[in-house]
Amino acid sequence: MRFNYGLEKKRFEENWERLRREYREAGMDEESIQKMYEYDWEDFKRERTWCRHNCFLNDMYGSGRDGDCIEEEGMHPLLVHHKDAMTNEMETIEEIFGWMEDIEDEKLYRAVMALNDDQKTILTMRVFEEKTMKEIGEAYGISVWSVADRINVIYKNIKKVYA
């Protein structure tokens, strides 16, 4: 299942416009309405994160949304063999790129999500983890100049959205 952010956000905002009117008519103050909106917005972002980082395998392979997503009984042998690697990789991706789900600027969000995983990792290390170019270079086994070139490409890709 894919999460269509634009469509779902539009539905969310339309629903909240209706709710705001209803709450005002019921005599609720603006501060309470805003707090409820913010709570629902955080829930919306959590759902988006869940959808982005979880995909269903065909039922014949024993997948599901509850508890252990992958059960071995009746599962394809290749999936049984790689089950642990698949689970660990998904957890790692969520940990590394989780901060991106909090980007509220729609243009910036789309620009960052358009980057490949390597670029997202470098951006995360540089901006979010505040690593130096030397530290990034050591992690990738490349020179500081190569890191600088990659960061420039990332920034150029992001700037294109705002041009």
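Tabulated data
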read-out	value
Pair Glu31, Glu135: separation of 7 Å Cα→Cβ label points (nm)	4.0
FRET efficiency, 1/(1 + (r/R0)^6) with R0 25 Å, evaluated for Lys107 and Asp40 via beta carbons	0.65
Cα-based convex hull volume of segment 103-163 per residue, rounded to whole Å³	72
Anchor Lys131: lysines whose Cα lies under 24 Å away (excluding residues fewer than 8 positions away in-chain)	Lys120, Lys156, Lys159
Spatially proximal lysines relative to Lys35 (Cα-Cα < 17 Å; intrachain offsets below 8 disregarded)	Lys45
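We did not get these values from a lab; they are worked out from the coordinates using the rules stated. All figures in this text were calculated on a predicted structure; none of them were measured in a lab. Don't worry about glycine lacking a Cβ; one is built from the backbone with ideal geometry, like all the others, and counts go over all protein chains shown.
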